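To keep things clear, I will list the structure first and then write my remarks on it.
Only the coordinates and a few stated rules stand behind these numbers; no lab work does. Nothing here was measured: the structure is a model prediction, and the numbers come from that model. Virtual Cβ from ideal backbone geometry, glycine too; neighbours counted across all protein chains shown.
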Amino acid sequence: MIIRDALRSLKDDFLRSFFYFLTLLVTVMFIYLFFNIMMSDPVGAKLLDGSNDLLATAVTVAVVVICLVAILFANDFFAKRKAKELAVRLICGATAFQLASYLLIQTILLLVIAIPLGILIANLIIPLLNTILSAYLQSEFLITLHPFANTMAAVIMGLVIFWILMLNLSFALRNGAAMMFSENIMTKAGDHPIFYFSQIPIWIKATLFTLLFFVPIIFFYFNSEMIFLLTAASLVGFSVWLEEVLIPWITRRIRNKPENHLDVVWLGFLRTDIMIMKQNITLLIVAVTLLAWALITKHGKPVEMMLYILSYVVMGILLTMAILFKYSTELTVRSRFFNTLYQIGYLEPDLKKIMRRQIFVFYGIILAAMLLYLVNIFISQMLAGNLELHFLLILLAFAVVPPIAACFINLVTYTSSLKLKKER
């Protein structure tokens, strides 16, 4: 009975179920490929205990954690969109554990398809990766299948199922039926900033944080060995700059009452977007820049190169999907405000224009920040003779395509949610 209900629920909410399934599929495929590549090296097992390469061990741990985070974001998106359905079951007498089990069954049903399909696709990709290794990297090293990869994939997916159960149980326990019926169950932005500099004039703070953000990037061209530390320092500055410079600037623009009344609305929405999504944006940029730096550092070493190329591409996709899921959840809830705007005089073309500006500027900020780091890292390395132009362009393409795709997906789902209650 419960399995039949779970299947019906997946069918009724096909689009969100598909995106959740896609996250599971990409994660399974990536983990399987990652450990097969690692174990194909005669000394590959040493990468896990740090006795061979500390950077490779750190990257291995990081990519596994990011995979888990991406799936948990997808699960959060999936569970919250089923809140009303769960509320009905709760009113009918279901317990919190039964609700969590109901959601878990849907996840397992998707995993039953995602795991074998992901492994199949990974096996089909391996010959292509071997061709790239032998042609571009000029190496005789070949990726071979290893039983340990299956074990690691099973262990990691087991962890995923366990944490999904715990999170869904927590969601069911924390939210009563009345709260689930309310659409306003989203994570809200904090009212207070992380850093407090109330005694420092605004212009001094803006200058300091802007310098902390941009100055380390300039030093990429003077000391390529310090790129990782310089990037880390700049990313700290970027995170604070978003909260202490960009958001206050948007607030001042709103208070100044721009001539175009639409600007007040979309700038207000954009300000909330940045406050809510700041951690996701920073995580995406941190992961992409870290892997780009690791890729350049290991230039010429086939095993590490293939691991980092694969990680660079897939991490960008998974973390962009995490932003897509979380942002979609917020936008779905927010779409109800547009009925109020319509009732007070905004026309439907105006509302769609607000949506477009909000989405394009939000993803424009993500792309601009990402390109600021990647372009300067790649150009500094190209000038140092460590990177070729065509490889630089390929890496940039892999970085920018996922956010652009997510931008248009969010735009389509956002505008399609605009259902105005028009007076007759």
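Within the stretch 393-424, being crowded, with 19+ Cβ neighbours inside 10 Å and more than 25 Å from K352 (Cβ to Cβ) holds for L395, A399.
Can I285 be described as surrounded by fewer than 20 Cβ atoms within 10 Å (Cβ to Cβ), in contact (Cβ under 8 Å) with a residue 24 or more places away in the chain and not hydroxyl-bearing (S, T, Y)?
Numbers: surrounded by fewer than 20 Cβ atoms within 10 Å (Cβ to Cβ): no; in contact (Cβ under 8 Å) with a residue 24 or more places away in the chain: yes; not hydroxyl-bearing (S, T, Y): yes.
The answer is no for I285.
When T251 is tested against (1) crowded, with 17+ Cβ neighbours inside 10 Å; (2) within 24 Å of K326 (Cβ to Cβ), only condition (1) is not met. Which one is surrounded by the fewest Cβ atoms within 10 Å (Cβ to Cβ), of the residues in the stretch 339-378 that are free of Cβ contacts under 8 Å to residues at least 24 places away in the same chain and closer than 26 Å to M226 by Cβ? Out of the qualifying residues, it is A368. Looking only at the stretch 359-380, decide whether some residue is under 30 Å from L310 (Cβ atoms) and over 26 Å from the mean Cα position of the chain (by Cα). Checked against the condition, which is being under 30 Å from L310 (Cβ atoms) and over 26 Å from the mean Cα position of the chain (by Cα), the stretch 359-380 yields at least one hit. Filtered by the rule that a residue be part of a helix (DSSP H, G or I) and either among the charged types (D, E, K, R) or within 15 Å of F73 (Cβ to Cβ) (or both), the stretch 333-343 gives a lone residue, R334.
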